[in-house]
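Enquirer: Mind looking over this structure? Questions follow.
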Amino acid sequence: MDPTALLAADFARDGVVHVPGILDAGTLERLTGLFDRGLAEPSGAAANLARDDGTTFHQDLGNTRHWEAWAEVLRASPLPRLLARLWGCDDVWFYYEQVFLKEGGATRRTPWHQDSSYLPVEGGQIANLWVPLDPVAADDALELIPGSHRGPQHAPSRFDPADETAPIDPADPRPRLPDIEAHRGSFTIVSWACQPGDVVVFDLGVLHGGAATHPGGRRRTVALRCFGPDARLAAQAGAPSRSSGKVPRFVRYHRELAPGQPLADQSAFPRLLGG
Ligand SMILES: O=C(O)CCC(=O)C(=O)O
């Protein structure tokens, strides 16, 4: 049986798959170069999410100046075709990137959250390609709850170290995130130790978190978010929520779409496949 057909069945059920060794050394080198460029030329939305303990938990996202370069590397990689197989469609677009750097000691966990809850979008074809640029040990791995993309969408965490389930907006009508860390035994959690070249693909509605690092460790990861023809501006699109308070520039692209309109109609999102 075609291995991508098996992956597609797993992805349809769980909303997440680990794809080992899909990226070659040349692609990783180009992605690492873009990661470094992002650190050297950050966007206005860059933030350090670390506790006040001297460690680094740098993140930045939607640095539109670098989008065409990210899209070019993606187009030359197998990833757009992989997404097309997982979604059963012919067209794939780049949505935005997010870079994470954790180092300098025992870093903080990434709080549990759903990417979709920060974005004014809906539809079944929006995914995060989580690409580690360094080896990630099992203890430091990204953790996900398979199937949670079919459950409720929760209010987005404001990544407050004192209470990681606290919503950005206390009046958000969506249910508060469950305290997964305090009740880990009540949830089915999957994770994979990863090598550079591996990719974890997950639907933007999947609950995920974790991936702290330990003293001596350095973890650079890139989240490359992409969408297919079914992705739309949410019918009830409100202002997207961001935990850092700094709204990335690309968020304005949503405002040029009408509720329910396909994201693909916004030409600022680079096409990766089809057309
Ligand atoms: O790499 C990480 O630590 C977090 C990744 C993540 O939360 C995301 O890509 O949405």
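Enquirer: Can we say W112 is within 16 Å of the ligand (Cβ to nearest atom), among the aromatic types (F, W, Y) and either over 18 Å from the mean Cα position of the chain (by Cα) or within 16 Å of F202 (Cβ to Cβ) (or both)?
Expert: Yes.
Enquirer: Looking only at region 91-130, which residues are assigned to a strand (DSSP E or B) and of a type in the set (D, E)?
Expert: E97, E103, E122
Enquirer: Could you list, in sequence order, the residues of region 97-115 that are out of contact with any Asp or Glu (no Cβ under 8 Å at 6 or more places or on another chain), closer than 21 Å to G197 by Cα and surrounded by 20 or more Cβ atoms within 10 Å (Cβ to Cβ)?
Expert: E97, F100, L101, K102
Enquirer: It is to be established whether one or more residues within region 24-45 are among the aliphatic types (A, V, I, L, M), within 15 Å of the ligand (Cβ to nearest atom) and part of a loop (DSSP other than H, G, I, E, B).
Expert: yes
Enquirer: Is it the case that A137 is in contact (Cβ under 8 Å) with a residue 24 or more places away in the chain, under 22 Å from G197 (Cβ atoms) and not charged (D, E, K, R)?
Expert: yes
Enquirer: Give the residue, chosen from A211, A234, that is at pLDDT below 95, under 30 Å from A71 (Cβ atoms) and over 18 Å from the mean Cα position of the chain (by Cα).
Expert: None of the others qualify; the one that does is A234.
Enquirer: Taking the conditions exactly as written (modelled with pLDDT of 95 or more, surrounded by 13 or more Cβ atoms within 10 Å (Cβ to Cβ) and over 18 Å from G228 (Cβ atoms)), does H58 satisfy them or not?
Expert: In short, no.
Enquirer: Moving on to the next point. Only one of these is surrounded by fewer than 19 Cβ atoms within 10 Å (Cβ to Cβ) and of a type in the set (F, W, Y): F227, F187. Name it.
Expert: Of the residues listed, the single one that is surrounded by fewer than 19 Cβ atoms within 10 Å (Cβ to Cβ) and of a type in the set (F, W, Y) is F187.
Enquirer: Let me ask something else. Being farther than 26 Å from D24 by Cβ and more than 16 Å from the ligand (Cβ to nearest atom) is true for just one of P152, P156, P161. Which residue is that?
Expert: Just one listed residue meets the conditions, P152.
Enquirer: May I pose another question? Answer yes if at least one residue in region 81-96 is of a type in the set (G, A, S) and either surrounded by 22 or more Cβ atoms within 10 Å (Cβ to Cβ) or within 15 Å of the ligand (Cβ to nearest atom) (or both), and no otherwise.
Expert: no
The values are calculated or read from the model by the stated rules, or taken from the named source; none is laboratory data. These figures come from a predicted structure and were not determined experimentally. Neighbour counts run over all protein chains shown; Cβ positions are idealised from the backbone, glycine included.
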